[in-house]
Amino acid sequence: MKNISRIEGKHIILRFVEESDAQFILDLRTKEKAKYLSKTDNNLDNQINWIKNYKIREKDGKEYYFVIENKESERIGLVRAYKIEDDSATSGSWIMLDGVKTEATLEGVLLLYEFILEYLGKEKIFFDVRKDNKKVWRFHKSYGAVQIDEDELDYFFEFSKDSFKLMKKEYQK
């Protein structure tokens, strides 16, 4: 796999998380808005150490954690690819600042999916969404994600390479 550290779209850029992003991550992941994500300890030193360990997993191709930036290089969100298997990966940890334009939010998902399906060459993406996070699971279903399971808290989805092609075509309109 060739070395890549940023993915540029029309409205946003995905770039790998660095230690200098630790406070931004805490600011997003420890607010009320992050209630749909796994809990994050609000401790800067712990977050920096987590990033140091993550960078090893990134180097080994096991996980990719992106900061989403607008074209002015302002950080506006986070998204991650992990549990990278032979033909699939899991996406998650998707969170955006309040007030971010819809185009930037949608493009963040598109760029991550493109990274997983085209750059990493996977056939499908798995993810879970809290049942009470209706806006997000409805969004994913509208673009072809298929619910494959559920538990008390979450719906579990699969998103195929074929669905991505349709999503990308629709977004280009």
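Both the radius of gyration and Dmax for the chain are 15.4, 44 Å, in that order, over alpha-carbon atoms.
Given the rule -39500 (n - 2.57) for each run of at least 4 DSSP H residues, summed and divided by the residues of the chain, what is its mean residue ellipticity at 222 nm, to the nearest 500 deg cm²/dmol?
-10500 deg cm²/dmol
Heavy-atom accessible surface of the chain, averaged per residue, reaches 57 Å², computed with a 1.4 Å probe.
State the percent of C-alpha pairs, over all pairs in segment 11-98, separated by a distance greater than 16 angstrom.
Cα-Cα pairs in segment 11-98 separated by more than 16 Å: 55 percent.
Among residues other than Lys55 with Cβ under 12 Å from its Cβ, the summed charge is -2 (Lys and Arg +1, Asp and Glu -1).
Determine the relative contact order of the chain: mean sequence separation of Cα pairs under 8 Å and six or more apart, normalised by residue count, in whole percent.
17
Largest mean-square fluctuation among Glu72, Glu158, Glu18, in a Gaussian network model of the chain whose springs join Cα atoms under 10 Å apart, belongs to Glu72. Summing Lys and Arg as +1 and Asp and Glu as -1 over all other residues whose Cβ lies under 11 Å from the Cβ of Val67 gives a net charge of 0. Could you please report the charge total around Gln23, scoring K, R as +1 and D, E as -1 over all other residues with beta-carbon less than 14 angstrom from its beta-carbon? Residues close to Gln23 contribute a combined charge of -3. Is segment 100-140 rounded, prolate or oblate when judged by the Cα gyration tensor, a ≥ b ≥ c being the square roots of its eigenvalues, rounded requiring a/c under 1.5 and prolate requiring a/b larger than b/c? Here segment 100-140 falls in the oblate category.
Checking the Cα-Cα distances for Lys62/Lys131; Lys59/Lys161; Lys71/Lys101 against a 18 Å cut-off, the pairs over it are Lys62/Lys131; Lys59/Lys161.
With a 1.4 Å probe and all protein chains left in place, how much of the accessible area of segment 1-119 comes from carbon and sulfur atoms, in whole percent?
Solvent-exposed carbon and sulfur of segment 1-119 make up 45 percent of the total.
Choose one answer from Lys83, Lys52, Lys39: the residue with the largest mean-square fluctuation in a GNM of the chain with alpha-carbon springs under 10 Å. The residue that fluctuates most here is Lys39.
The values are calculated or read from the model by the stated rules, or taken from the named source; none is laboratory data. All of these numbers come straight from a predicted model, not from anything done at the bench. Every residue, glycine among them, receives a Cβ derived from its backbone with ideal geometry; neighbour counts consider all protein chains shown. Accessible surface areas use protein heavy atoms only, side chains included; no ligands, DNA or RNA. Shrake-Rupley method; radii C 1.70, N 1.55, O 1.52, S 1.80 Å.
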